[in-house]
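Notes follow the structure.
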Amino acid sequence: MLKQASWGKDILIETKDIEDGRAFCTKIRNATKFITSFMSKEYKSNEQLNNWMAAKIGAAAEKISSSIASCAFHEACNELYDLFWNNFCAWYIEGCKIAPSPRAIEFLAAILKIAHPIVPWISEECFQEIDQISFAKIDDSMSIGSILDYKMPEFSAAATNFEQVISITK
């Protein structure tokens, strides 16, 4: 319902919107299961892919923070959906299947922190699951201040290079 919550618009509850929300939460849960079970593999990390994902998370965190601050919840939801479904799951996790990365759990934790104001129950549950992994070096703070102030390092050159790879393969 937050996806439709723009200024001056009545929220119409439809079955499709509830199904979309359920599918998104299921995707978050399945990605968490995959990442936590996948972490026992040997690593041959792709730094270009990691840098691209870090840049995407940083840019999305900034957009989502400003959207929430201005009460534009529909924009925050759309940005979160794009970050998680179209970038993290469609590109990053698929890339990790070829070249597993120890940073995958860090990126998932960052996305869960960013998602917490929008989908608090599922993000908290998944965050607790990845927090139980002993080798995960993540900040365990899920407070709203830590979420809205979250910053990922910028890697604009790597992001640009990987964006070119994505545009070629589409």
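The values are calculated or read from the model by the stated rules, or taken from the named source; none is laboratory data. Because the structure is predicted, anything quoted here is derived from the model rather than measured. Positions of Cβ are backbone-derived with ideal geometry, glycine not excepted, and every protein chain shown enters the neighbour counts. The area values use the complete protein model at the heavy-atom level, side chains included, leaving out ligands, DNA and RNA. Shrake-Rupley method; radii C 1.70, N 1.55, O 1.52, S 1.80 Å.
Structure above, values below:
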| read-out | value |
| --- | --- |
| Condition met for GLU75 (among the acidic types (Asp, Glu) and closer than 22 Å to THR169 by Cα) | no |
| Helices (runs of 4 or more DSSP H) (entirely within the range 11-114) containing at least 2 residues that are of a type in the set (Phe, Trp, Tyr) | 15-38, 73-81 |
| Answer residue from the range 16-54, given it is of a type in the set (A, V, I, L, M) and loosely packed, with under 12 Cβ neighbours inside 10 Å and is modelled with the lowest pLDDT among those | ILE18 |
| The range 56-72, residues that are open to solvent by 20 Å² or more (accessible area, probe 1.4 Å) and either within 12 Å of the chain's Cα centre (by Cα) or among the small types (Gly, Ala, Ser) (or both) | LYS56, ALA59, SER65, SER66, ALA69, SER70 |
| Residue check for GLU129: among the acidic types (Asp, Glu), modelled with pLDDT under 90 and over 15 Å from the mean Cα position of the chain (by Cα) | yes |
| Complete set of residues in the range 73-96 that are more than 20 Å from SER123 (Cα to Cα) and either without any contact (Cβ under 8 Å) to a residue 24 or more places away in the chain or open to solvent by less than 30 Å² (accessible area, probe 1.4 Å) (or both) | GLU94, GLY95, CYS96 |
| Residue among ILE114, ILE144 that alone is under 21 Å from ILE35 (Cβ atoms) and either modelled with pLDDT of 70 or more or not basic (Lys, Arg) (or both) | ILE114 |
